[in-house]
Amino acid sequence: GVATMSRVEADVHTIVQLESLLLNVGGCEEIALMVVEEFLLQVDAQVADIKTALDAADCAQIRAAAHRHAGSLAAIYAGTAHALAKGIELAAKEQDLARARSLFAQLSVAENELAACLERWCATRRAH
């Protein structure tokens, strides 16, 4: 049960549903690890694309970049960050740059937490 989970594991579950990812890949940790590592390789570029589009105030680009990133976040069940990326996509669709920028600031914080959790999770899995 929850009592036996380490603090690290407990952190991860609120920010990213790794048990859902594991279920999705048939419980194979090796595949889950590959999916997470692939995400970690892409995340910085994807977030940078959103920022570049925001700086250019290009709603079509913001929408496309946020949509791409939301897809990656959905693939690893990163609930909080995914909701923020979808929010940015919607704000850009409605041409609400102020809201998109405000959500992006929240997304940046969420991404840092998410990356830290995923890095820890990968490290513990690689150690096995």
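The values are calculated or read from the model by the stated rules, or taken from the named source; none is laboratory data. What you are looking at is a predicted structure, and each value in this text was computed from that prediction instead of being measured. We place every Cβ from the backbone using ideal geometry, glycine too, and count neighbours over all the protein chains shown. Accessible surface areas use protein heavy atoms only, side chains included; no ligands, DNA or RNA. Shrake-Rupley method; radii C 1.70, N 1.55, O 1.52, S 1.80 Å.
Observations on the structure shown:
- Overall, the accessible surface of the chain at a probe of 1.4 angstrom is composed of carbon and sulfur to the extent of 58 percent.
- Local charge for Ile31 was computed over the other residues whose Cβ lies under 15 Å away, with Lys and Arg +1 and Asp and Glu -1, and equals -3.
- Met34/Val109 FRET efficiency (R0 25 Å; Cβ-Cβ; nearest 0.05): 0.40
- Solvent exposure of the chain amounts to 54 Å² per residue of accessible area, where only protein heavy atoms count and the probe is 1.4 Å.
- Counting heavy atoms of the protein chains alone, Cys122 has an accessible area of about 0 Å² for a 1.4 Å probe.
- With every protein chain in place and a 1.4 angstrom probe, the accessible-area ranking of Ser102, Ser20, largest first, reads Ser102, Ser20.
- Per residue, the convex hull around the alpha carbon atoms of the chain comes to 96 Å³.
- Cβ-derived FRET efficiency at R0 41 Å, Gln95 paired with Ala123, nearest 0.05: 0.45
- Between the alpha-carbon centres of the range 81-124 and the range 15-62 there is a gap of 10 Å.
- His82 accessible area, assembled protein chains, probe 1.4 Å, Å²: 60
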